Amino acid sequence: MENTAKNKVDEINTAIDVLVAGNCWSFLDELLANLIQRAWRTDKEELIAYASRTSRVSSKLPSRERFMITCKHLHPKLDWKGLV
């Protein structure tokens, strides 16, 4: 992964950790809902970061299920099983 992509993934991980720590469920759910619309033009590493960081709190994020369906549809060869 090139350095710029790694920095982006690190930023995503940090941001999601802050949102989870602050119990910002509505904001995080809206973020995933918006990401569904632009997932087709988002790097797969970024999608994986969103999926992995939100997996532990998936029960609080109604939009996450649709986000994961979109990810699996766009990148069917990736192993999404551990992130569902």
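When region 1-13 is limited to residues that are β-branched (Val, Ile, Thr) and surrounded by 14 or more Cβ atoms within 10 Å (Cβ to Cβ), the one that is nearest to Pro76 (Cα to Cα) turns out to be Val9. For region 67-84, filtered to residues that are at pLDDT 95 or above and of a type in the set (A, V, I, L, M), the residue that is surrounded by the most Cβ atoms within 10 Å (Cβ to Cβ) is Met68. With respect to the stated conditions, Ser26 fails to be polar (S, T, N, Q), more than 18 Å from His75 (Cα to Cα) and touching an Asp or Glu at 6+ places or on another chain (Cβ under 9 Å).
Note on region 14-42: residues that are exposed (fewer than 14 other Cβ atoms within 10 Å of the Cβ), more than 17 Å from Glu65 (Cα to Cα) and touching a residue at least 24 places away in the same chain (Cβ under 8 Å) amount to 1. Among the numbered conditions (1) touching a Leu at 6+ places or on another chain (Cβ under 8 Å); (2) more than 16 Å from Leu83 (Cβ to Cβ), the only one that Ala51 does not meet is (2).
The values are calculated or read from the model by the stated rules, or taken from the named source; none is laboratory data. From a predicted model like this one, the values you see are computed outputs, not experimental measurements. Neighbour counts are summed over all protein chains in view; Cβ atoms, including those assigned to glycine, are modelled from backbone coordinates with ideal geometry.
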